[in-house]
Each structure stands twice: as structure tokens, then as C-alpha cells.
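Report on the structure given below.
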Amino acid sequence: MKKLFMIVALSFALNSYSQKQVFETPDMKEKIAAQKTVAIIPFQVTINYKKQPKNFSAEANKEQEKKMSASIQSSMYTFLLRKRDSYSVSFQDVDKTNILLKKAGLLDKLDESTKDEIAKALGVDAVVGGKYEIEQTKSEAGAIASAILLGGLGGKTGTGTLTLTINNGTDGELLWRFFKTLDDNIMTSTDDVVEHMMRKVSRNFPYQKN
């Protein structure tokens, strides 16, 4: 059951209709120019169902949301580390980030903490975070069966939205926000989710060197 949930949770659109929105503050470039170290915090993940599956477990669903949150965080760090020469800042190791968050009592209370509080606990100049929300359709069971039989490829299972944000460390101000909605038709991993997202973001990513 847990494996099934994880396969559903890792569904993301790569080829379908999508919308994206980018926001940045007027002084974003000035503030980002002064930043040196940035932390990537666990993403807020929500898995919903248009039609709740049989034997649904709220506890198991919550656990998969938590696992995917950490997985996206790790995948994001791996992607940025791989291309570190392309960015104007360094990114804090996510293992260190999570240890510091845990020591500060913030790891399970990120939604109750301000971004400047988080940045202070981590000793960084800015915080990268985000939200990933999935709504599974009634066809996810068949798509999962196909995915297992065909080694990872399945039919359309739902829709997703992903928001990526950058907050200034000193005052918690939202400097940049990227929002994207997609129709889900391919089973994939969080590495692919991040890879696909960052390809869409790349031209707009504030830390990209000119």
C-alpha cells in the first residue's frame, strides 16, 4: 500500500497543457546580490483524491506526503549542486539544514514559522521552499497497474500544482515566486519532477548567473 501511494505521489506532468506565473519584487536583484548562502527547506506536499480509493489510510497518506517533501528537497539540492557553477550563491547541504531545523524545533513546524526565523536558525541569507499539490483522479488505480506492468509508464492520473519561492533571510520578505499547473500523464521520480520544473524555471531563476 505504501509503495502504491509513493507511485501515485511521484506522478507529474511532463508533456501536457500547463500554466506558469512568475512574481518578483522590485528590489529582488539588489537583495539577492548581497546573498551568499541559501538553504532549501522541505517542501509542503499535499496529496488529494477526486475519488478516495478503497482502503484509503489518512495516516499512510500523511506519511507519503512527508516522505515526498524530503525527497523533493533532496532532489532540488542535487540539481542545484550539479549546476553550482551556474549560480551566484552556494546552497546549504540539506542534511545540515534538516539537522539544524530539528535542533531548533522547527522541522515539523515550518508552516508555523516565519521565513526570517527559519533563516536565522539555519544561519543563511535566504530560504528556498515551495508547495507541491496533487489531486488524483478516479483513474489512478488503472494507471498504477499499467505503471507497474510497463516499468514506470502509465496513463493520466490527475493534476498537480507546484510553487517555488525565495524569501529574504533578514526580514522574511518574499522576493520571488514561481507557480506552475500541469496535467499529469507520466509516472516519474522526484528527480524528474525537479528537473522538469527547473528547466521551466531556469531563465527566471534569480540565482542564475548572467
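The values are calculated or read from the model by the stated rules, or taken from the named source; none is laboratory data. Note that the coordinates shown come from a computational prediction; the quantities given were computed from them, not determined experimentally. Backbone-built Cβ (ideal geometry, glycine too); neighbour counts: all protein chains shown. Surface areas here come from the heavy atoms of the whole protein model, side chains and all, with no ligands, DNA or RNA. Shrake-Rupley method; radii C 1.70, N 1.55, O 1.52, S 1.80 Å.
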The one condition in (1) open to solvent by 10 Å² or more (accessible area, probe 1.4 Å); (2) in contact with a Phe, Trp or Tyr (Cβ under 6 Å, 6 or more places away or on another chain); (3) modelled with pLDDT under 90 that Q136 fails to fulfil: (1)
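Table: residues versus (1) modelled with pLDDT of 95 or more; (2) assigned to a strand (DSSP E or B).
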residue	(1), (2)
K3	no, no
K20	no, yes
I32	yes, no
V38	yes, yes
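In this structure, does L106 turn out to be open to solvent by less than 40 Å² (accessible area, probe 1.4 Å), part of a loop (DSSP other than H, G, I, E, B) and of a type outside the set (S, T, N, Q)? Working first, answer last.
On the way: open to solvent by less than 40 Å² (accessible area, probe 1.4 Å): yes; part of a loop (DSSP other than H, G, I, E, B): yes; of a type outside the set (S, T, N, Q): yes.
Taking the combined requirement at face value, the residue satisfies it.
Considering each residue of region 111-131, count those that are free of Cβ contacts under 8 Å to residues at least 60 places away in the same chain and not in a helix (DSSP H, G or I), and give that number.
Just the residues of region 111-131 that are free of Cβ contacts under 8 Å to residues at least 60 places away in the same chain, to begin with: 112-117, 120-121.
Retained after the next criterion (residues that are not in a helix (DSSP H, G or I)): 113-114.
Within region 111-131, residues that are free of Cβ contacts under 8 Å to residues at least 60 places away in the same chain and not in a helix (DSSP H, G or I) number 2.
Just give me the residues in region 42-60 being outside any strand (DSSP E or B) and open to solvent by less than 10 Å² (accessible area, probe 1.4 Å), in sequence order.
Within region 42-60, just F43 meets the criteria.
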